[in-house]
Each structure stands twice: as structure tokens, then as C-alpha cells.
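Enquirer: Here it is, the structure in full.
The values are calculated or read from the model by the stated rules, or taken from the named source; none is laboratory data. The structure presented is a predicted model; accordingly, all values stated were derived computationally and were not measured. As a convention, Cβ positions derive from the backbone with ideal geometry for all residues, glycine included, and neighbour counts pool all protein chains shown. For accessibility, only protein heavy atoms count, side chains too; no ligands or nucleic acids. Shrake-Rupley method; radii C 1.70, N 1.55, O 1.52, S 1.80 Å.
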Amino acid sequence: PVETLPEELIQAMLDSNEAEIRTIGLVILAKYSDETLLKRKESLTAACSSPLADVRQAVRPIIKRLAAKDTDFAKKMVEDFVKTLLRKEKYDGLHQDMLHLLTNELEGQLQTVPRKIIFRLLNSKYSSGQVLGIALVQKYVPSSSLSVSNIIRLANHEMLAARQTAWKMFNENI
């Protein structure tokens, strides 16, 4: 069975400079049982934040499958990947891929992002973090829970979507 292959071997394949070897590593990874994959969260996290865009994108269906099966796994992934959007991007395209993963494969657990983190995302230096912050405000922060000064700050945001959200909230509370 594939589960007898050493984890280090699979990781080496995923880190290979050769696309064909990475593909084989991803095929093997996808054949692992869900139970085995759930025990290898670190390997999956590494694949999701790989310097290689093809690896980051190819692991998405595995993450989606596991997130549907195990909410604790999904919550932990959301927590880890949201933090990535608050830090400088290590590799070109990483933030965009993380945003996609969060808003698609892990979307069902985004309501677990604490309000404090939502506002940190909104004020982030990184556009992918801001985009996620705006989406979270729109979906999970009731306008009635914000002060007028919070709505005004949102209305002064550099992103149009944030300003539009502020106008909608302002109109709802008049």
C-alpha cells in the first residue's frame, strides 16, 4: 500500500524541480486514505504553501475532501492559512493561492475567524488579506455590531469593495 512509503520520500517528490516527479508525488498523496492524510497535517500544510504553484493548486481537492470530512482539520487549516495572509508573501502567487483555498475549499469554516483577525486582515499591507477581510466583514460582521467610527474607517478603505460595504452598512443603519 502507498501508506507504507516514507513521508520524507513523498515530500522530496513534491519539492522536486522536475514537474513529472511532482506529479507522481501528488498522485501518490491523493491515494492515501483520509485517515492517513489527517495524521499528516504538516505535509499537507507544506504542500499548500509550497514554493511551486502547481503543487499548491494540485493539493486543493485533497484539502476540500478532508475539510468536508473533519471540521477540526478545516478549522486548523483556516487558522494557519489566514495567518499566512498577514505575513509577507514568501513566494510569488502564494497569497493568491491561499485566498483561493480559503474562499473555496475551506469556505465552510471561515466563520471561525475571530473578529479581531478579520479587522487585522482589513488593515493588512497585502491585498489578498484585505480581500478576505472584506469578504468576512460582508458575510459575518453584522452592521449593527459596528460603531459609526468603524463604518467610517471602512468607508475610507483603499479598496472599493470595502467602501461599498461601508455605504451599504451605513444605509442599513439610518
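Enquirer: Pull out all pairs, ordered by first then second residue, where Cβ-Cβ is under 8 Å, the residues are six or more apart or on different chains, the first lies in the stretch 143-157 and is within 13 Å of Leu122 (Cβ to Cβ), and the second is part of a loop (DSSP other than H, G, I, E, B) and not hydroxyl-bearing (Ser, Thr, Tyr).
Expert: Note: pairs meeting the criteria are Ile151/Asn173; Leu154/Leu146.
Enquirer: Among the numbered criteria (1) open to solvent by 60 Å² or more (accessible area, probe 1.4 Å); (2) touching a Cys at 6+ places or on another chain (Cβ under 9 Å), which single criterion is violated by Ile24?
Expert: (2)
Enquirer: Additional query: Step by step: first the residues of the stretch 71-100, then only those that are of a type in the set (Phe, Trp, Tyr) and not in a loop (DSSP other than H, G, I, E, B), then the one that is nearest to Asp34 (Cα to Cα). Which residue is that?
Expert: Taking the candidates together, the pick is Phe73.
Enquirer: State yes or no: is Thr71 under 12 Å from the mean Cα position of the chain (by Cα), open to solvent by 10 Å² or more (accessible area, probe 1.4 Å) and of a type in the set (Ser, Thr, Tyr)?
Expert: Judged against the criteria, Thr71 is not a match.
Enquirer: For residues that are open to solvent by 10 Å² or more (accessible area, probe 1.4 Å) and under 14 Å from the mean Cα position of the chain (by Cα), tally how many sit in the stretch 111-125.
Expert: 4
Enquirer: Condition check: open to solvent by less than 10 Å² (accessible area, probe 1.4 Å), more than 20 Å from Gln138 (Cα to Cα) and without any contact (Cβ under 8 Å) to a residue 40 or more places away in the chain. Does Leu94 satisfy that?
Expert: Here the answer is no, as Leu94 does not meet what is asked.
Enquirer: Ok, one more. Only residues that are farther than 14 Å from Thr45 by Cβ and open to solvent by less than 70 Å² (accessible area, probe 1.4 Å): list them for the stretch 58-68, please.
Expert: Scanning the stretch 58-68 gives a single hit, Ala58.
Enquirer: Still on this structure: Kindly check whether there is at least one residue in the stretch 145-153 that is charged (D, E, K, R), open to solvent by 40 Å² or more (accessible area, probe 1.4 Å) and not in a loop (DSSP other than H, G, I, E, B). Reasoning before the result, please.
Expert: To start, the set of residues in the stretch 145-153 that are charged (D, E, K, R) comprises 153.
This time we only want the ones that are open to solvent by 40 Å² or more (accessible area, probe 1.4 Å), so: 153.
Retained after the next criterion (residues that are not in a loop (DSSP other than H, G, I, E, B)): 153.
Yes - at least one qualifying residue is present in the stretch 145-153.
Enquirer: Closer than 27 Å to Asp15 by Cβ, of a type in the set (Asp, Glu) and at pLDDT 95 or above - does that describe any residue in the stretch 63-72?
Expert: Yes, the conditions are met somewhere in the stretch 63-72.
Enquirer: Among (1) over 20 Å from the mean Cα position of the chain (by Cα); (2) surrounded by 13 or more Cβ atoms within 10 Å (Cβ to Cβ), which single condition is Ile134 missing?
Expert: (1) is the only condition that Ile134 fails.
Enquirer: State all residues of the stretch 101-110 that are closer than 18 Å to Tyr140 by Cα and either in a helix (DSSP H, G or I) or touching a Leu at 6+ places or on another chain (Cβ under 8 Å) (or both); if no residue qualifies, say none.
Expert: Leu102, Thr103, Glu107, Gly108, Gln109, Leu110
Enquirer: Among (1) of a type outside the set (A, V, I, L, M); (2) closer than 30 Å to Ile62 by Cα; (3) in contact (Cβ under 8 Å) with a residue 24 or more places away in the chain; (4) surrounded by fewer than 21 Cβ atoms within 10 Å (Cβ to Cβ), which single condition is Thr84 missing?
Expert: Every condition holds for Thr84 apart from (4).
Enquirer: Please enumerate the residues belonging to the stretch 25-54 that are assigned to a helix (DSSP H, G or I), in contact (Cβ under 8 Å) with a residue 12 or more places away in the chain and more than 15 Å from the chain's Cα centre (by Cα). If you could, list the steps in order and put the result at the bottom.
Expert: Here is the first cut: in the stretch 25-54, the residues assigned to a helix (DSSP H, G or I) are 25-31, 34-39, 41-48, 53-54.
Of the ones still in play, those that are also in contact (Cβ under 8 Å) with a residue 12 or more places away in the chain are 25-26, 28-31, 34, 36-38, 41, 43-48, 53-54.
Selection gives Gly25, Leu26, Ile28, Leu29, Ala30, Lys31, Asp34, Thr36, Leu37, Leu38, Ser43, Asp54.
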